[in-house]
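The values are calculated or read from the model by the stated rules, or taken from the named source; none is laboratory data. Keep in mind that what you see is a predicted model, and the values were worked out from it rather than measured. Cβ sites come from the backbone with ideal geometry, for glycine too, and all protein chains shown count toward neighbours.
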Amino acid sequence: MSASPPHLEFRNLSAYYGTKQVLRDVSFTVPRNSVIGIIGPANSGKTTLLKTINRTLDFIPGGRFTGEVLLGGESVTAMRDPNALRRRIGMVFPLPVGLPLSVYENVAYAPRRMGVTDKGELDGIVERCLRQSVLWDEVKDRLNLLGTRLSGGQQQRLTLARALSLSPEILCLDEFSIAIDPVTTMRIEEVLKELRRSMTIVLVTNLVQQARRLADNTLFLWRGETVELSPTEVAFSDTPRDRRTYDYVNGIFG
Amino acid sequence: MSEPCSAIPSENPFALTPLERRKKAAARRNQWIMFGFCALLIIPLVLILVDIFWKAAPVLSLDFLWQNPVNKGKEGGLWAPLVGTFYLVVGSLLFVAPVGIFAAIYLNEYAREGWVNRVIGITVTSLAGVPSIVHALFGLGAFVLGMLPAINRLLADPARPETRWEAGLLTASLTVAVMNLPVIITSTREALGAVPQSFREACWNLGATRWQTIRTIVLPNSLSGILTGIILVVSRAAGETAPILFTGATFFKFVADSGTAKLFPYGIGEPFMAMSMHLNIISNQISQMPERMKFGSAAVLITLILAINSLAIALRVWLRGRKRW
């Protein structure tokens, strides 16, 4: 049987900042077009895990990892152009960042860097991404407004729109809904259910119920180690593989 | 133990307690002391300016700027030194602006953080504090005694001594550029550092290269800060005497009174006149120099530098107004 490789695979991943180890021997796979939910308390290495995928860990002084991260079977460290890798992966980090450009140019930023100059094509990309991030109705009449002038929650959706602008094959969301109201969050979650048809989603979240709603598999990271990796129904059942998962999910951890 | 409520007089609950009165008096006294020190700083400054412009008033006119000095500067105007200072400033900027800005971009945006970068940073900051006379001696050694003979060996015709380059605009510009390099690097790094790191990270996450990030986000949002640094350096280049003393400035050079030769009086390998040098010499080297000529030159130089600095301040205010985050 020669099945195609999993879309994303981590093999014995350990990550360090200087001498401090933040991920210990983490291994798991993410099948194509699935959603993996990653839960765990602060300082478990969730964000670091995401940064190994698009190699932005390189930008952090002292940041490095051992083991392998494979994208479609290909090791990300073996890829010659890390920028090409980053364009295949959409990243949304928890702090909303509106670039000091107009809303339109925020979304058009990455396509423009890729050489897209056709106005019609850019207009299409901008509208699609802003609709997908449920921001379109709020900004469609003021696309020239500075992205930095939007509210925190709007900037976070703008960040999501930017991440979608190159139609990435993998979408990494790190606490994407932290500044977004619950109603809009639910609407974005509906969009994510649509998006998974065309992309694989890595969802880091502190809202365990969000992982439950969206994820096919759930990974519970604690102090850089894998506590549990199970199908979401199992992880959120009364009998997950590890007792600590039950405690964490039900808020009696510690 | 005193009961706090009983301390409040029943007739006026807002009356000041003795402690509050003492605190208020102390606050007022301290404010006056600070104001006194501030006045100590400002009053002499105003007196100096009034004195200079009062004594300069008889000569101040557009003609004073437009005419060349006559009879060792005792008569005539300031055109020759003014235009020399202009070319000195432009010449030094041509060297210092690109080198300083690109060095700062490298140090701030590309170089890895580590002890090498820190040592370079500390060195640059220390260099900014080196007295200008030291830069002058460096310029004398490196450019006048080092670089000029090499240029002349290559370009000058040994049979015609007039083709030889002398200490002049080129060597003085380079010396002033070296003096201002650390200032430009420091101010540019500050301007670049004021752009939040999160903007860069957002761009990198989209697969933008470092250069694309710098060109599209970092530079457009730090340009005004960089410009402010350059303007401040201009006023320093215009005002300093020491760095040009041995490296190309001269007290007298014939400058035509009309025609294009009046606008372009100095070759880059020729000695030139400059405002700071001119003021220095006429103030203490020429006997029977009329007071009004000394103070007239001082007034022009001060106005020039105040104008340049005001431009920098105006730019800073404007930039604060259009901050994009």
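Below is a table of values for the structure above.
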{"quantity": "The stretch A:48-72: number of residues that are closer than 18 Å to A:MET91 by Cα, of a type in the set (S, T, N, Q) and either surrounded by fewer than 18 Cβ atoms within 10 Å (Cβ to Cβ) or in contact with a Leu (Cβ under 8 Å, 6 or more places away or on another chain) (or both)", "calculated": "3"}
{"quantity": "Conditions (1) closer than 20 Å to A:ARG88 by Cα; (2) away from every other protein chain (no Cβ under 12 Å): number failed by A:LEU158", "calculated": "(2)"}
{"quantity": "Single unsatisfied condition, A:LEU49 versus (1) under 14 Å from the mean Cα position of the chain (by Cα); (2) more than 22 Å from A:PRO5 (Cβ to Cβ); (3) away from chain B (no Cβ under 14 Å)", "calculated": "(2)"}
{"quantity": "Filtered residue count, the stretch A:196-217, keeping only those that are surrounded by fewer than 20 Cβ atoms within 10 Å (Cβ to Cβ), within 30 Å of A:TYR246 (Cβ to Cβ) and out of contact with any strand residue (DSSP E or B) (no Cβ under 6 Å at 6 or more places or on another chain)", "calculated": "5"}
{"quantity": "Of the criteria (1) within 14 Å of chain A (Cβ to nearest Cβ); (2) modelled with pLDDT under 95; (3) buried (at least 23 other Cβ atoms within 10 Å of the Cβ), which one B:ALA167 fails", "calculated": "(1)"}
{"quantity": "Subset of the stretch A:95-124 (residues that are away from chain B (no Cβ under 11 Å), at negative phi and surrounded by fewer than 18 Cβ atoms within 10 Å (Cβ to Cβ))", "calculated": "A:VAL116, A:THR117, A:ASP118, A:LYS119, A:GLY120, A:GLU121, A:ASP123, A:GLY124"}
{"quantity": "Output for the stretch A:1-39, where each listed residue is among the β-branched types (Val, Ile, Thr) and under 15 Å from A:LYS51 (Cβ atoms)", "calculated": "A:VAL22, A:VAL26, A:ILE38"}
{"quantity": "Lone qualifier among B:VAL218, B:VAL255 - being more than 30 Å from A:LEU95 (Cβ to Cβ), in contact with a helix residue (DSSP H, G or I) (Cβ under 9 Å, 6 or more places away or on another chain) and among the β-branched types (Val, Ile, Thr)", "calculated": "B:VAL255"}
{"quantity": "Complete set of residues in the stretch A:136-158 that are touching a helix residue (DSSP H, G or I) at 6+ places or on another chain (Cβ under 6 Å), touching a residue at least 24 places away in the same chain (Cβ under 8 Å), in a helix (DSSP H, G or I) and farther than 14 Å from A:ALA179 by Cβ", "calculated": "A:VAL139, A:GLY147"}
{"quantity": "Some residue of the stretch B:221-230 being surrounded by 16 or more Cβ atoms within 10 Å (Cβ to Cβ) and within 30 Å of A:ARG55 (Cα to Cα)", "calculated": "yes"}
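For every residue, the table says whether it meets (1) in contact with a Gly (Cβ under 6 Å, 6 or more places away or on another chain); (2) of a type outside the set (A, V, I, L, M, F, W, C); (3) in a helix (DSSP H, G or I); (4) at pLDDT 90 or above.
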{"site": "B:ARG200", "(1), (2), (3), (4)": "no, yes, yes, yes"}
{"site": "B:THR216", "(1), (2), (3), (4)": "no, yes, yes, yes"}
{"site": "B:GLY229", "(1), (2), (3), (4)": "no, yes, yes, yes"}
{"site": "B:LYS253", "(1), (2), (3), (4)": "no, yes, no, no"}
{"site": "B:SER258", "(1), (2), (3), (4)": "no, yes, no, no"}
{"site": "B:GLY267", "(1), (2), (3), (4)": "no, yes, no, no"}
{"site": "B:ASN280", "(1), (2), (3), (4)": "no, yes, yes, yes"}
{"site": "B:ILE286", "(1), (2), (3), (4)": "no, no, no, no"}
{"site": "B:GLY296", "(1), (2), (3), (4)": "no, yes, yes, yes"}
